[in-house]
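Beneath this line is the structure, given in structure tokens, with notes to follow.
The values are calculated or read from the model by the stated rules, or taken from the named source; none is laboratory data. Because the structure is a prediction, the values reported are computed rather than measured. Here Cβ is always computed from backbone atoms with ideal geometry, including for glycine, and neighbour counts include all displayed protein chains.
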Amino acid sequence: MFMEELDGSLEMDLTQNIVEGWHHQWNVLIGKAHVGVYTIIEEMRKEQQQIHK
């Protein structure tokens, strides 16, 4: 039982680290805390193009 709880917690920590890493990179890419919807869409398109090359 303890190992199952530990495994679930570890998985959540790894997932959270991945999301935090993406969020940090997104902030570096955008360079601002608050941006408009069109800027977000354009930056997401750019990121998608880089991923699917």
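When Glu4 is tested against (1) of a type in the set (Asp, Glu); (2) surrounded by fewer than 10 Cβ atoms within 10 Å (Cβ to Cβ); (3) at pLDDT 80 or above, only condition (3) is not met. Scanning segment 33-44 for residues that are farther than 16 Å from His23 by Cα and exposed (fewer than 11 other Cβ atoms within 10 Å of the Cβ) gives Gly36, Val37, Tyr38. Residue selection: Leu29 fails the criterion of being surrounded by 10 or more Cβ atoms within 10 Å (Cβ to Cβ), modelled with pLDDT under 75 and assigned to a helix (DSSP H, G or I).
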